[in-house]
Amino acid sequence: MLAGPVAAASARDAAGPARTRAAAVTVGKPIYAFDTGLVLTVSQKARRGTPVRVNAYAGRSGQRWVRGSHGSIRPALNQKLCLNIAKFRAGAAADLRTCDGAVGERFSTSAPSAHTQAYFIRPATRPGYCLSTLGGLDFLPSAGTRTGVELCAGGADQAWSSASLGDAVGSISNSWSMQALHPTSAGSAITAASTYAGKLYDYWTSSYAGAPQDSPVLLHPADDTALCAEWSAPEQAGARLTLATCDGAASQQFMGIGMFFNVAYTFSFLTTPDSSYCVQAAPAGAKTLRPVVLGSCVGNDRDVWDVGVPTQTANSGQYQELYAGTDSTEFSVRAEGSSVVLSNDDEFASQVWTDIPPGQAKAEANPDGSISLRPLSDEGLCLTVPGADYAAGVPLAVQDCDGQVDQEFVRPFAAGGNTDLVAAGDGEFCITPANGLKAGSVIALEPCAEQQDDQIWTTFFAWFGWAGQGLLPAVNAAEPGDSLVLSGTGASGQVGVIASPGAYSWYTSQDWISVDVQGGFEIRSVYDPGLCLDAPDSTAGTQLGAAPCAGGAAQAFQPGSFVSGAGQWRLGNTSMCVGLGAASTEYGLPLVLQTCTASQQDQLWSFLPGQL
């Protein structure tokens, strides 16, 4: 006779297919205290008189609730117990009592609209009271806070939800708090109050108008997400914000521009999608309540917000401060009138710079790969070398943007978030605080040197289109770290591969940019932007040099074969590729044309035309 588990299994086999064991059913659902991440909780040893608190959700049965008869709310761990209010008075605490149908255990729920996750829990017979976290509107509930009833006031401490809303809703406040006082009424005004009220109408949620993080955002009152904040047309200073039925129109789209100051925390400008205007409390009006309007970005107590909902878009990183020194946030470049100076990091819009022209939806570099920098305070102005006067000590200014090269800059090859800012019109000059790293120091030109402190600038993101890169042979006759360097200027420019001084000891003579031209890309010097890599002939053995940029076939290069992360430079539509000569000259190893051969190591480069 078979015995033990084997016998039992054999008996089951003889009896036919085994029954599938039913999956465990989770009884009840958590009830979240609005945006706190905390849920209604009772002890796992709950009994009559056990207090009802809020705690972080841990999945316990004492944190899940079931709706019973007569509107009762019962803990899943013991459905013979009910949430109960013994006496209806403000501040009365909630506890558990044996369910008996008494009025203290009967509740109803109501939501501000059909388009919100928030709702209120009220005693069925005393609807003027609401279940609340006790402590008042100014009290931020923490784990262990008791619950009870307070007179209904629409406070966030009286709002509940079936899901955690901590990352979904938040206030938009600072010195002023943005409010939708009539959050379910299209056409009602959006206002700014000088005091944060802690009411549900202080809370907002956001959604993207298109692809997440790649499109402007829509702002919805937490009470009714079918409504959106909208500015009155046309887009101009003084246009008021109201609530409207969401349709995704441009007048309902916004962008958050985060800024760093004092290192520890960030605040944001909230702008129209083209950043022409900032959302702000109106400059005039009552001391405690004003309309919310569009206005020029300044960086004061009316237009800098602590934004508690996602508003960052793909373009948000194109707006940032330019901090002086290595990894420092103490001083940044500021447009002060027409002058440009170093300033304490004081949240001013004139300290935030962008490479996106007004009205342009996406960042695009200038045709030569350089960028023009505009202060958020007035994007019709550009950082300028006045009169294209490239000389040591010339102070920079902000002037009306005109698209000329004296308003263009490039970032040469650098490591990490630290960079130099080089004048595109004359790569010999970098910008620097002429009077040292201190507030008030004038921003001026200085001959580019090794990465010395007064020429280093720190950014937290990467402006689009910053060009300039060292051209590094991949694996060939050169030593590791060697790079292509321009020697001489004008028609006598020479090129050669020599030892690179490294990422922090570079010179602009070893930086190049690629410019899209007919037939390929020009390889243009940053140091002397009038010179391009040039092949005087298209036959094997021809030595390359630097010649005035002309855009012809002798200066058009295309990517060739790509091998193990490196690739060839091919001259136009020819079968000739750029390789290294065998014999070193006074300018280093020369560049020569060779018949393109994918396996030939000295034809491989770390960066290809079009990648610079």
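The values are calculated or read from the model by the stated rules, or taken from the named source; none is laboratory data. What you see is a predicted model; the values in this text were computed from it and never measured. Here the Cβ is made from the backbone with ideal geometry for all residues, glycine too, and neighbour counts use every protein chain on show.
Every listed requirement among (1) in the same structural domain as residue 439 (by TED's automatic domain parsing); (2) modelled with pLDDT of 90 or more; (3) of a type in the set (A, V, I, L, M, F, W, C) is met by residue 363 save one, (2). Screening the range 383-408 for residues that are of a type in the set (A, V, I, L, M, F, W, C) and in contact with a helix residue (DSSP H, G or I) (Cβ under 8 Å, 6 or more places away or on another chain) and picking the one that is modelled with the lowest pLDDT gives 405. Residues of the range 90-102 that are in contact with a Lys or Arg (Cβ under 8 Å, 6 or more places away or on another chain) and either farther than 20 Å from residue 64 by Cα or exposed (fewer than 15 other Cβ atoms within 10 Å of the Cβ) (or both): 98 alone.
Close contacts from the range 169-194, counting a first residue that is free of Cβ contacts under 8 Å to residues at least 60 places away in the same chain and not assigned by TED's automatic domain parsing to the domain that holds residue 309 and a second that is among the aromatic types (Phe, Trp, Tyr) and not in a loop (DSSP other than H, G, I, E, B), with Cβ to Cβ under 8 Å and a gap of 6+ residues or different chains, come to none at all. Among the residues of the range 166-201, the ones that are of a type outside the set (Lys, Arg), more than 21 Å from the chain's Cα centre (by Cα) and over 18 Å from residue 254 (Cα atoms) come to 18 in all.
Scanning the range 204-212 for any residue that is touching a Phe, Trp or Tyr at 6+ places or on another chain (Cβ under 9 Å) and at pLDDT 95 or above turns up at least one such residue. Of the strands (runs of 3 or more DSSP E) lying entirely inside the range 164-260, those containing at least 2 residues that are among the β-branched types (Val, Ile, Thr) and over 24 Å from residue 320 (Cβ atoms) are 241-245.
Filtering the range 283-294 to residues that are surrounded by 19 or more Cβ atoms within 10 Å (Cβ to Cβ) and under 24 Å from residue 380 (Cα atoms) leaves 293, 294.
If the condition is being touching a Phe, Trp or Tyr at 6+ places or on another chain (Cβ under 9 Å) and under 27 Å from residue 170 (Cα atoms), then the range 90-107 contributes only 90.
Cβ separations smaller than 8 Å between residues 6+ apart or across chains give the following pairs from the range 572-591 residues that are closer than 14 Å to residue 534 by Cβ and assigned by TED's automatic domain parsing to the domain that holds residue 546 to residues that are crowded, with 22+ Cβ neighbours inside 10 Å and of a type in the set (Phe, Trp, Tyr): 572/557; 578/557; 578/569; 578/605.
Any residue at all in the range 248-266 that is farther than 26 Å from residue 355 by Cβ, surrounded by fewer than 21 Cβ atoms within 10 Å (Cβ to Cβ) and touching a residue at least 24 places away in the same chain (Cβ under 8 Å)? Yes, the range 248-266 contains at least one residue that is farther than 26 Å from residue 355 by Cβ, surrounded by fewer than 21 Cβ atoms within 10 Å (Cβ to Cβ) and touching a residue at least 24 places away in the same chain (Cβ under 8 Å). If we keep just the residues of the range 567-602 that are of a type in the set (D, E, K, R) and within 22 Å of residue 510 (Cβ to Cβ), which is modelled with the highest pLDDT? This residue is 602.
Within the range 545-584, which residues are among the hydroxyl-bearing types (Ser, Thr, Tyr) and under 36 Å from the mean Cα position of the chain (by Cα)? Residue satisfying the conditions is 564 alone.
Do we find that residue 524 is surrounded by fewer than 24 Cβ atoms within 10 Å (Cβ to Cβ), at pLDDT 85 or above and not in a loop (DSSP other than H, G, I, E, B) in this structure?
On the way: surrounded by fewer than 24 Cβ atoms within 10 Å (Cβ to Cβ): no; at pLDDT 85 or above: yes; not in a loop (DSSP other than H, G, I, E, B): yes.
Criteria not met by residue 524.
Residue 308 falls short on exactly one of the conditions (1) crowded, with 24+ Cβ neighbours inside 10 Å; (2) in the same structural domain as residue 179 (by TED's automatic domain parsing); (3) among the small types (Gly, Ala, Ser), and that condition is (1). Condition (residue is among the aliphatic types (A, V, I, L, M) and under 18 Å from residue 513 (Cβ atoms)) applied to the range 589-597: is it met by at least one residue? For the range 589-597, residues among the aliphatic types (A, V, I, L, M) and under 18 Å from residue 513 (Cβ atoms): present.
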